[in-house]
1. For residues that are modelled with pLDDT of 90 or more and either part of a strand (DSSP E or B) or touching a helix residue (DSSP H, G or I) at 6+ places or on another chain (Cβ under 6 Å) (or both), tally how many sit in segment 46-69.
2. Between a residue in segment 113-125 that is over 18 Å from residue 201 (Cβ atoms) and outside the structural domain of residue 144 (by TED's automatic domain parsing) and any residue that is basic (Lys, Arg) and surrounded by 15 or more Cβ atoms within 10 Å (Cβ to Cβ), which pairs come within a Cβ distance under 8 Å, given they are 6 or more apart or on different chains?
3. Looking only at residues that are at pLDDT below 90 and hydroxyl-bearing (Ser, Thr, Tyr) in segment 1-45, which one is surrounded by the fewest Cβ atoms within 10 Å (Cβ to Cβ)?
4. Among the numbered criteria (1) under 30 Å from residue 185 (Cα atoms); (2) part of a loop (DSSP other than H, G, I, E, B), which single criterion is violated by residue 77?
5. Only one of these is surrounded by 11 or more Cβ atoms within 10 Å (Cβ to Cβ) and within 30 Å of residue 204 (Cβ to Cβ): 53, 110, 48. Name it.
6. From the list 38, 94, 57, 11, pick out the single residue that is free of Cβ contacts under 8 Å to residues at least 40 places away in the same chain and closer than 27 Å to residue 111 by Cα.
7. Polar (S, T, N, Q), under 30 Å from residue 134 (Cβ atoms) and not in a strand (DSSP E or B) - does that describe any residue in segment 22-41?
8. State yes or no: is residue 96 at pLDDT 85 or above and part of a loop (DSSP other than H, G, I, E, B)?
Amino acid sequence: MILDEFYSHYIYTNSTDAPCKLVSAAAFVEDVETDPVIVVDGLTKNWRYPGWRISWILGPKSVVETVASAGSFLDGGANHPFQKEALLLLDPSIALQETIAIQKHFAEKRQYTLDRLKEMGIGVDAEPEGTFYVWANLSNLPPPLNNGMSFFKEGLKEKVITVLAYSSTSIPTTAAPMRATRTIVELALGGDEEAYHWIKRRRARYSKVQLAS
């Protein structure tokens, strides 16, 4: 079992005044050498240092050595100066401070995003309790906004490609017809009004087209 814990610090189930919550499958590993569990984590998301390209693996020694060997062959592995600095960030007290800041900041973005989507008639089948994405339901929007890929293309027409090219995607209709009406909205956009204004403009436009027809 391979567990990706890159988003494990993004948890929103606590009350706003409660201590931060940390969750890891490592807590359930009894013997790292024999339990069939590999945990993968890194600085990219939980510590917000994507440019450092530092990650790590918890698992049996043989697995770690094999991955290290492959990484060394493919790209030389992480550079030593950054690895040394990363050790300071992994100090429990610093990691706790980082986690508290992330959970507070992104909890606000999460709520902002959910509120704005609701105002625009975009449903959310399940409010996220972790990570920083919202799986939004576009089915109540007028065509062509009610389809994930068409929604994305309409965003390009509004010249918000820097927002949508990364933050919105859809699953092809041939693979999952029901999910074609879904798109992913990134919580990092919370607070960026232009990321939402274009949806209002396009919705108003196509609602008029529906009425006219």
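1. So the count comes out to 6.
2. Between residues of segment 113-125 that are over 18 Å from residue 201 (Cβ atoms) and outside the structural domain of residue 144 (by TED's automatic domain parsing) and residues that are basic (Lys, Arg) and surrounded by 15 or more Cβ atoms within 10 Å (Cβ to Cβ), there is no close pair.
3. Among those residues, the one meeting the criterion is 15.
4. Here residue 77 clears every test but (1).
5. Matching residue, one of 53, 110, 48: 110.
6. Only one candidate passes the filter, namely 94.
7. Yes.
8. Taking the combined requirement at face value, the residue does not satisfy it.
The values are calculated or read from the model by the stated rules, or taken from the named source; none is laboratory data. Remember, it's a predicted structure, so these values are computed and weren't measured experimentally. As a convention, Cβ positions derive from the backbone with ideal geometry for all residues, glycine included, and neighbour counts pool all protein chains shown.
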